[in-house]
Amino acid sequence: MHEQVEWMEPSDRSIVLEVAAHMGWIKPASMALNSSYSRRHITDRCQVLADHDLIDAHPTETAYRIADLGDRFLFRDLEAADLGADSPVSDSDVTTLEFTEEDEFAE
């Protein structure tokens, strides 16, 4: 799978899976206790995975949780090849709202 996406490494799927298994925020140190990867490696990879929207980074702590894209990658309809080099979400996955003057509220 990782051979299909330039930025992915062999450990990435297991890291995303570990994040998903906790159903909330988890720190790299806790993930390292449950894997053969070092805390430093997990921290580095989590930053990359967050940059590609597979996991969310906590705003004030070094902790992560599964993102919708990561859930789709692990359990649903997203293939590794769909993650691409720079933009993991295709234009068809994005909803755009457009407003016109008619959409303004009448008083």
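Structure notes:
- Residue match in segment 21-36 (condition: in a helix (DSSP H, G or I), within 14 Å of the chain's Cα centre (by Cα) and within 19 Å of L74 (Cα to Cα)): yes
- Scanning segment 49-71 for residues that are out of contact with any strand residue (DSSP E or B) (no Cβ under 7 Å at 6 or more places or on another chain) and either within 20 Å of E6 (Cβ to Cβ) or touching a residue at least 40 places away in the same chain (Cβ under 8 Å) (or both) gives D51, H52, D53, L54, L69, D71.
- Note on segment 22-52: residues that are open to solvent by 60 Å² or more (accessible area, probe 1.4 Å) and modelled with pLDDT of 95 or more amount to 9.
- Applying the criterion of being within 20 Å of P10 (Cβ to Cβ), in a loop (DSSP other than H, G, I, E, B) and open to solvent by 50 Å² or more (accessible area, probe 1.4 Å) to the residues of segment 54-89, the residue that is modelled with the highest pLDDT is E79.
The values are calculated or read from the model by the stated rules, or taken from the named source; none is laboratory data. In this text the structure is predicted, and so the values were computed from the model without any measurement. With ideal geometry, Cβ positions are generated from the backbone for all residues, glycine too; neighbour counts draw on all protein chains shown. Accessible surface areas use protein heavy atoms only, side chains included; no ligands, DNA or RNA. Shrake-Rupley method; radii C 1.70, N 1.55, O 1.52, S 1.80 Å.
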